[in-house]
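The values are calculated or read from the model by the stated rules, or taken from the named source; none is laboratory data. Quick caveat, the model's predicted, so the values are computed rather than measured. We place every Cβ from the backbone using ideal geometry, glycine too, and count neighbours over all the protein chains shown.
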Ligand code: HEM
């Protein structure tokens, strides 16, 4: 699940209206009222929490602050913005503008490396960007995406790919002593992005959307053909709902150095990323993620980013509200789009096991939001999401792949990889990357699934480094 967040931060960042207006008031709670901005299209879109909620019970906590996403207009229709480039292009590692990339590059000339701090993410002089454990001497960190601190598992993957870039730069510089800093940097970046693309699709996505969607949307490697007519813009249904499925998989805490830390003490804090990276990663790949369903850990629904009692956020309410903010069509429409043979959804009973619960919350089955409706579907074979999310995610990744001129398998790319180089990239996986970049002694071959007879542990000493002689 953690890789999903890392990948998400390569694809999408939706800016929120920057207004500093306070949206919540006791008046709204007491009158169970909508904020007036809902009528006037202002920035506020707070969430009023019902009196019977078993966590947010004080009057002050029964309104969750929320602003609408920033809007622009396309052909007269309001649309939300993506600050990132959508493609799987490593922007969470390298940043999104040339200026940002330059600020993340090492000034050790001729080496083509990214800045690091003793092999960790470089220090961010602005200590307001994260939560610092008192007395630890820690600093906030810098990465290509500013959300790096949100959760330690995310910061850990940022560190792994920073190190992978630097390994690639060292390896390439060693076989090409004539290359200058710029050439080494760009080639190391091209290889790192190719590894990210390979791992995201062949390894991670395969474990998420299952065999049928991988097949239907051409997501496995091989037989690549670039098609300039694809529009690879991210769908609102993808960023505001489908790809948020991962929030349901977050566990209540992480096992680090044999100690269980609750999520509430992990949000925004880089301490374990800086001091216990191997143990943190080991816990993440050994721990079983939660199922994608309507059950979420309390850390995510009651205590997310909590700094004092009852001021945490609930990610599920935020996701549903964000879908409404973006004007997403309700669940039944997406279900029909993805599977025209499905029944048209007239009654709650047709929703199967979740029908009774939805019946208590929604007036009509056709009001059910995409985010909640699709989460109740049974997961697809050899995947973790239901068929509507497998379809929406599958379609999105299809357009991100076939519309990407720089896709690693594209023979017509402006600077294509040779078949030998592609074969070498195909040999790599997150397991081999972890072995090359951390002190872990063994990892299972497919880190997105638990250890099993057909997914044994591999000894990191047996993992070969990338064969830089081929590049
Ligand atoms: C502990 C881990 C995580 C935390 C604390 C977290 C937190 C958040 C928060 C606060 C938002 C903004 C919600 C809003 O106001 O609309 C968000 C958005 C999002 N999250 Fe997560 N998340 C986590 C893990 C994940 C995972 C595992 C995935 C996917 C597999 C994911 C996918 C997304 C997506 C697609 C968005 C929308 C991004 C955008 O368009 O700006 N998140 N998350």
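Checking residue 185 against (1) out of contact with any strand residue (DSSP E or B) (no Cβ under 8 Å at 6 or more places or on another chain); (2) away from the ligand (no atom under 15 Å from the Cβ); (3) in a helix (DSSP H, G or I): exactly one of these is not met. Which one?
Going through (1) out of contact with any strand residue (DSSP E or B) (no Cβ under 8 Å at 6 or more places or on another chain); (2) away from the ligand (no atom under 15 Å from the Cβ); (3) in a helix (DSSP H, G or I) one by one, residue 185 breaks only (1).
Give me the residue from segment 88-111 that is closer than 17 Å to residue 172 by Cα and touching a strand residue (DSSP E or B) at 6+ places or on another chain (Cβ under 8 Å) and, out of that set, surrounded by the fewest Cβ atoms within 10 Å (Cβ to Cβ).
Filtering segment 88-111 down to residues closer than 17 Å to residue 172 by Cα leaves 105-106, 108-111.
After this cut, where a residue has to be touching a strand residue (DSSP E or B) at 6+ places or on another chain (Cβ under 8 Å) as well, the list is 105-106.
Working: 105: 18, 106: 16.
Only one residue fits best here, namely 106.
Which condition from (1) away from the ligand (no atom under 16 Å from the Cβ); (2) part of a loop (DSSP other than H, G, I, E, B) is the one that residue 38 breaks?
So the condition that residue 38 fails would be (2).
Which of the helices (runs of 4 or more DSSP H) contained wholly in segment 383-471 include at least 1 residues that are farther than 30 Å from residue 335 by Cα? Write out each step before concluding.
Values: elements: 387-402, 419-427, 430-437.
So the answer is 419-427, 430-437.
Do we have residue 104 as more than 16 Å from the ligand (Cβ to nearest atom), modelled with pLDDT of 95 or more and over 20 Å from the mean Cα position of the chain (by Cα) here?
Taking the combined requirement at face value, the residue satisfies it.
Kindly list the number of the only condition in (1) away from the ligand (no atom under 16 Å from the Cβ); (2) without any contact (Cβ under 8 Å) to a residue 60 or more places away in the chain; (3) not in a helix (DSSP H, G or I) that fails for residue 96.
Unmet condition: (1).
Based on what the data block shows, is residue 114 assigned by TED's automatic domain parsing to the domain that holds residue 395, touching a strand residue (DSSP E or B) at 6+ places or on another chain (Cβ under 7 Å) and more than 13 Å from the ligand (Cβ to nearest atom)? So that I can check it myself, show each step before the final result.
Numbers: assigned by TED's automatic domain parsing to the domain that holds residue 395: yes; touching a strand residue (DSSP E or B) at 6+ places or on another chain (Cβ under 7 Å): yes; more than 13 Å from the ligand (Cβ to nearest atom): yes.
For residue 114, the condition - assigned by TED's automatic domain parsing to the domain that holds residue 395, touching a strand residue (DSSP E or B) at 6+ places or on another chain (Cβ under 7 Å) and more than 13 Å from the ligand (Cβ to nearest atom) - is met.
Looking at (1) in a helix (DSSP H, G or I); (2) farther than 28 Å from residue 375 by Cα, find the lone condition where residue 179 falls short.
Single failed check for residue 179: (1).
Restricting attention to segment 318-342, which residues are under 27 Å from residue 59 (Cβ atoms) and either assigned to a loop (DSSP other than H, G, I, E, B) or more than 10 Å from the ligand (Cβ to nearest atom) (or both)?
Correct list: 324 only.
Among all residue pairs at least 6 apart or on different chains, which show Cβ distances below 9 Å where the first residue, located in segment 420-447, is at pLDDT below 95 and the second is surrounded by fewer than 16 Cβ atoms within 10 Å (Cβ to Cβ)?
Between residues of segment 420-447 that are at pLDDT below 95 and residues that are surrounded by fewer than 16 Cβ atoms within 10 Å (Cβ to Cβ), there is no close pair.
Quick one: in segment 1-35, which of the residues that are more than 30 Å from residue 232 (Cα to Cα) and buried (at least 16 other Cβ atoms within 10 Å of the Cβ) is nearest to the ligand (Cβ to nearest atom)?
If we take residues in segment 1-35 being more than 30 Å from residue 232 (Cα to Cα) and buried (at least 16 other Cβ atoms within 10 Å of the Cβ), then 23 is nearest to the ligand (Cβ to nearest atom).
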